[in-house]
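A short worksheet on the structure shown next.
Please treat every number below as a calculation from the coordinates, not as lab data. Keep in mind that what you see is a predicted model, and the values were worked out from it rather than measured. Counting neighbours? That spans all protein chains shown, and the Cβs are built from the backbone with ideal geometry, glycine included.
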């Protein structure tokens, strides 16, 4: 096993653990509410607190740790995540659970940004897209397996059990990182350099593209289960099977996009957004007939996470030698896009327009496509990532 493969595998496993934590609470809210004697809506604040910690706390932690050696920082962030998970498992009150979730969330964006940058530093420059996709696949596997299994465990053994298992998995991931990650010195760039990079116009446009483009997926996916049951007429069991297929498609689409990004970042990012625009626009009409609805779900799954590698590649292209904060902010932009898309979808559903959420998603994805033309020149064919960006701490 090559050192680069081992490093990518360890980073991917760590991202899987972090990704599982992000959505775990949503599946065990009834158990949390009953045990802590609070309403489910109140227990749902733990989801909001985590999201805010990712969006706001992630960049703050990234700035605060910008000058630390990379391997030690990765291990420290995962230990912080383990502490938050352990506190969540033991929390006697909602307030303590909120504190545990916030502590975990503070390491979320900072660790993912660090993992993506470190991934690009252990592979040749022409394989950075694949490296990003490999690490990011930890999130798609978390959605596919981690979250459902965590929910099942929570139902069977109580809501604290998944957090206890998550703590143990985090410590196992720490051991992997200790064993296989190469030592990397602190980057030479200062906090001021990181802040200067993140305020560059191309970087800000890339972050906006992430938030706007991903919100288009969230508008539809957040409410895809009621769409498939109420409009298409699928049974709940059939919907579960379709969501499993969606998750498998997301895993494959993410890896394929990584390979394509290595060949042409420009064509990949525009092709993905173009495809998303088409499938989202077609979804309201495809939902009327079960075979076309199945096809729409499968295509949406393939394309939904295919945005990760090219969009993070965009950030790395324009971030130069100080990419960590910019990547961290872009991670937050994915979360912000998901939250904004979910909120917009909720308004449409409340207005009785459940079937037509796809049209709103298509407009947002088309906006993301338009933004790529402001960032990437028409004749760009290869991901000309600055060498310093992929050897930030080598």
*Would you mind estimating how fast region 3-186 diffuses translationally, via Stokes-Einstein at 10 °C and 1.306 mPa s with the Kirkwood radius over Cα pairs, in µm²/s?*
97
*Using a Gaussian network model of the chain whose springs link C-alpha atoms within less than 10 Å, name the residue from 201, 127, 71 with the highest mean-square fluctuation.*
201
*Rel. contact order, % - alpha carbon contacts under 8 angstrom, at least six apart, region 96-193*: 12
*Mind grabbing the base-10 log of I(q)/I(0) for region 192-391 at q = 0.12, 0.19 Å⁻¹? Debye formula, identical points on the C-alpha positions, no solvent, two decimal places.*
-0.58, -1.23
*Treat the count of other C-beta atoms within 10 Å as a stand-in for reagent exposure and order 223, 373 from fewest to most.*
373, 223
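Ranked from highest to lowest mean number of other Cβ atoms within 10 Å per residue, what is the order of the peptides 235-245, 13-23, 148-158? Before the final figure, lay out each step's value.
Details: 235-245: 14.1, 13-23: 24.0, 148-158: 16.9.
In decreasing order of mean packing, 235-245, 13-23, 148-158 become 13-23, 148-158, 235-245.
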*region 273-299 and region 55-102: distance between their alpha carbon centers, rounded to Å*: 39
*Give me Rg over Rh for the chain, both radii from the alpha carbons and Rh done the Kirkwood way, two decimal places.*
0.96
*asked:* Below 8 Å between Cα atoms, with a sequence gap of 6+, how large is the relative contact order for the chain in percent?
replied: 25
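Defining a contact as two alpha carbons under 8 Å apart and six or more residues distant in sequence, what relative contact order in percent does region 192-391 show? Let's see the in-between values first.
On the way: 334 pairs, mean separation 86.3, N = 200.
So the answer I get is 43 percent.
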*asked:* If neighbour count is taken as other Cβ atoms inside 10 Å, put 78, 265 in order from fewest to most.
replied: 78, 265
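Could you please rank 289, 159, placing first whichever residue has the fewest other Cβ atoms within 10 Å of its Cβ?
Details: 289 12, 159 28.
Least to most surrounded, the residues fall as 289, 159.
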